[in-house]
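Each remark here refers to the structure printed beneath this line.
The values are calculated or read from the model by the stated rules, or taken from the named source; none is laboratory data. Predicted model, so just to flag it, every value in this text is computed and none were measured. Positions of Cβ are generated from backbone atoms using ideal geometry, with glycine treated the same way; all protein chains shown enter the neighbour counts. These accessible areas exclude ligands, DNA and RNA; they are computed on the full protein's heavy atoms, side chains included. Shrake-Rupley method; radii C 1.70, N 1.55, O 1.52, S 1.80 Å.
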Amino acid sequence: MGQKKLIRFEAIKHFSNVLEYPQDMQGKWKDFFKNDGQLTLELACGKGEYAVGLGRMFPERNFIGIDLKGNRIWRGAKTALDEGLANVAFVRSHIDKITDYFQNGEVSEIWITFPDPQLRGSRAKKRLTHPRFLRLYQRILQPGGLVHLKTDSPDLYQFTLAVINLFELELLEKSDNVYAQASIKPELLIKTHYEGLDIAGSNRIHYLCFRINRELPLAKDEVLKQLLSESESD
């Protein structure tokens, strides 16, 4: 690990707005933020551009960016501290541990911003919109809570649409070319570091907003697996 990363890893240990694998925080985030504002998570937050950007837009709400890479979290956390954004915090952890940190119904919205699309079919279960993750989100989201996906990967976008359709979830918005829209929500104008890289080479940004409004039967995971297999063989 480079010297710069080591310095940042050490620095976040002393940041008041960063918690690493926090214990006994379920149901206590209102105490942490010292207000009753609604709670939004940015998963795989990287440098936390969305957590910070949304925190600026909605000072009455609270935002937590979650990522494993401490050197990336450092950037967002430092910006939040420098700007006095007391409604923005970060958790360093694996995403699949979120139910350890939030109680049922504690979260109002989830943003998934430019995650690794895990393009190989064998890694589909690692996609953050795979049903194994959606079941975790469903536990911590309040009834009617929203999930947002913003990605430059057409593969992840189509995969997520397939999951929404297969499990009959409530799709509220979709766009395969956000910036071509005549009217764009301010939240979608926030740009992340990874958006600027255009790793997918698609020159398009895709967006989905949906609710996990029903149970996700495990039997349908096998149907999804078969659909993926058929798609790869075409």
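Odds and ends about this structure:
- Test: residue in segment 10-18 that is over 15 Å from the mean Cα position of the chain (by Cα), at pLDDT 95 or above, assigned to a strand (DSSP E or B) and crowded, with 19+ Cβ neighbours inside 10 Å: yes
- Near pairs, Cβ below 7 angstrom, 6+ apart or cross-chain, from segment 136-159 (free of Cβ contacts under 8 Å to residues at least 40 places away in the same chain) to any residue that is part of a strand (DSSP E or B) and open to solvent by less than 30 Å² (accessible area, probe 1.4 Å): GLN142/VAL107; GLN142/SER108
- Of the residues making up segment 28-74, those that are under 15 Å from LEU188 (Cα atoms), of a type in the set (A, V, I, L, M, F, W, C) and more than 12 Å from the chain's Cα centre (by Cα) are VAL52, LEU54, MET57, PHE58.
- Residue-level check: of (1) assigned to a strand (DSSP E or B); (2) more than 21 Å from GLU215 (Cα to Cα); (3) in contact with a Gly (Cβ under 7 Å, 6 or more places away or on another chain), LYS150 misses just (3).
- Test result for LYS191, assigned to a loop (DSSP other than H, G, I, E, B), of a type outside the set (A, V, I, L, M) and on the phi < 0 side of the Ramachandran plot: yes
- Criterion applied to GLN158, GLN138 was being under 23 Å from GLN38 (Cα atoms) and part of a helix (DSSP H, G or I), and the one residue passing it is GLN138.
- Out of ARG123, ARG127, ARG139, one residue alone is surrounded by fewer than 19 Cβ atoms within 10 Å (Cβ to Cβ), of a type in the set (D, E, K, R) and at pLDDT 95 or above. It is ARG139.
- Selection within segment 187-231 - hydrophobic (A, V, I, L, M, F, W, C) and either modelled with pLDDT under 90 or open to solvent by 40 Å² or more (accessible area, probe 1.4 Å) (or both): LEU189, LEU197, ILE199, ALA200, LEU218, ALA219, VAL223, LEU227, LEU228
- Restricting segment 164-186 to residues that are over 13 Å from LYS150 (Cα atoms) and not in a loop (DSSP other than H, G, I, E, B), the residue that is least open to solvent (accessible area, probe 1.4 Å) is ILE164.
- Residue within segment 11-31 that is in contact with a Gly (Cβ under 7 Å, 6 or more places away or on another chain) and within 26 Å of PRO117 (Cβ to Cβ) present: no
- Single condition GLY27 does not satisfy, out of (1) on the phi > 0 side of the Ramachandran plot; (2) without any contact (Cβ under 8 Å) to a residue 40 or more places away in the chain; (3) of a type outside the set (Val, Ile, Thr): (2)
- Segment 142-155: number of residues that are crowded, with 20+ Cβ neighbours inside 10 Å and under 22 Å from GLY37 (Cα atoms): 3
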